[in-house]
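Below is one structure, written out as structure tokens; comments come after it.
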Amino acid sequence: MKSALTCVMVVLLTGCRHKMSEPDPTRETKHLSRLEFLRRNELVGRVVLVEFGSIGCEPRGEGLEAMMRLVRQKTTPGLTFCRVEAEKDRAAAEEYFAQKSPGFAVVYDEDGSAAKAFDVTAPATFVLVGKFGRVRYRGDYPGAGALAHWTECLVSETSDSGADAEVFGVVKFDTVKLLEETKLPEVAGPSKSLADYVGRRGLLVVFTDTECPWAGKALGEMPTVCETLLDRGIPSVVVNIGDEEAVVLPFYAKRNAGAPVLYDATRKTQTRWNVRVAPTVMLFARTGKLVYRGNAVWSRLARAAEELLNVKTGAISFDAEGTEYG
């Protein structure tokens, strides 16, 4: 979703995806653990593919249709399916699924607690859970072939591998090469590669856009974050993705991003870096090693920076909260 009301879904989004549930400042979201979710829905001990979606904001229901097709064809033995639905209009959602007859459980998640338990912030996100309750994949619909192979592996497991359990579908990047090869124009300067911005202790890169409200929140807090990190030898750069130059230039002319702003009006940078939502934050060591990738939750970034710089916990703090949404 490019705003709180309009949903734009593509394989890779140039802006933030529609959140699983709009945060309600008057109501605290209930804490729900993954194990509790599995227990409530009788999924403990099973290999489960869970689609987190919203009937009003997903790419033509392709993932849902794919799961329904697998159920009908019975081509993936040992795999259980579940849909977590974020639509707040319960009556509309129930009517939708009554017409669809998916053949598997639909769990309603109006308050977003289930999505939060699985660290899901955008539909349509698929989560594959092994029979020991660990998340083994999170992302776009992976395809029937990959699911069949992964399910076979998970069904055959006889013990819990704990934190060492393999996570499927992880894309490994040559970040040193990407930093060098990602050369983009700067809003207020010439084209430079991301590697040119690396400081003596590392680099913070924030991928964002001009329309997502959560990207806007992160941008508003960037001056504070950037100043704190720069004092520690870590400069920052903002990379705006997917917006035309005619939109980008006036947008940042009115704003202090706290760092140089680069931009790419195409999807090339977004695709190469596998940026699925905006804002996405990445912290690199001086060597180019990626040490943090995630949402713009500044407390998490601070902990990663402390580890990178080998300083005590609490040594780095930002006078800003950030956002876990995008």
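Throughout, read-outs are computed from the coordinates displayed, never taken from laboratory work. Keep in mind the model is a prediction, meaning the values are calculated, not measured. Neighbour counts run over all protein chains shown; Cβ positions are idealised from the backbone, glycine included.
By the beta-carbon count within 10 Å of each Cβ, the least crowded to most crowded order of Cys212, Cys226, fewest first, is Cys226, Cys212. With labels modelled as points extended 7 Å from the Cα through the Cβ direction, what inter-label distance (nm, one decimal) is found for Asn274 paired with Leu230? Once both label points are built, they end up 3.2 nm from each other.
Calculated [222 nm] ellipticity per residue, helices only, for the chain: -9000 deg cm²/dmol; basis is -39500 (n - 2.57) per DSSP H run with n ≥ 4, divided by all residues, nearest 500.
With unit charges on the beta carbons (Lys and Arg positive, Asp and Glu negative) and the dipole taken about the Cα centre of the chain, which residue among Val44, Ala218, Ala124 sits farthest to the positive side? Farthest along the dipole direction, towards plus: Val44. With a simple spin-label model that places each label point 7 Å from the Cα along the Cα-to-Cβ direction, the separation between Arg286 and Asp119 comes to 2.9 nm.
Semi-axes of the range 26-179's equivalent ellipsoid from the Cα gyration tensor, sqrt of 5 times each eigenvalue, largest first, rounded to whole Å?
Ellipsoid semi-axes (Å, largest first): 24, 19, 18.
So in the range 175-323, what percent of DSSP beta bridges are antiparallel if you round to the nearest 5? Here the share of antiparallel DSSP bridges comes out near 65 percent. Summarising the label geometry, the points placed 7 Å from Cα in the beta-carbon direction at Glu245 and Glu110 lie 5.0 nm from one another.
For the range 175-323, the Kirkwood radius over C-alpha pairs fed into Stokes-Einstein at 4 °C and 1.567 mPa s yields D = 86 µm² per second.
With 24 Å as the limit, the listed pairs Lys74/Lys100; Lys177/Lys312; Lys192/Lys289; Lys192/Lys268 have Lys177/Lys312 beyond it between alpha carbons. Net length available on complete extension from Lys172 to Cys153 is 4.8 nm, with 0.36 nm assigned per residue and the Cα-Cα distance removed. Shown here are the Rg and Dmax of the Cα trace of the chain, at 20.7, 59 Å. Once the chain from Ala146 to Glu62 is taken as fully extended at 0.36 nm per residue, the excess over their C-alpha distance is 28.6 nm.
What's the FRET efficiency of Glu321 with Gln99 using the Cβ-Cβ distance as r and R₀ = 41 Å, to the nearest 0.05? Calculated value: 0.50. For the peptides 166-176, 273-283, residues were scored by their other Cβ atoms within 10 Å and the scores averaged per peptide; the highest-first order is 273-283, 166-176. Here the residues Val107, Val120, ranked from fewest to most Cβ neighbours within 10 Å of their Cβ, fall in the order Val107, Val120. Full extension of the chain between Arg255 and Glu307 gives 15.6 nm of extra length, using 0.36 nm per residue less the Cα-Cα distance.
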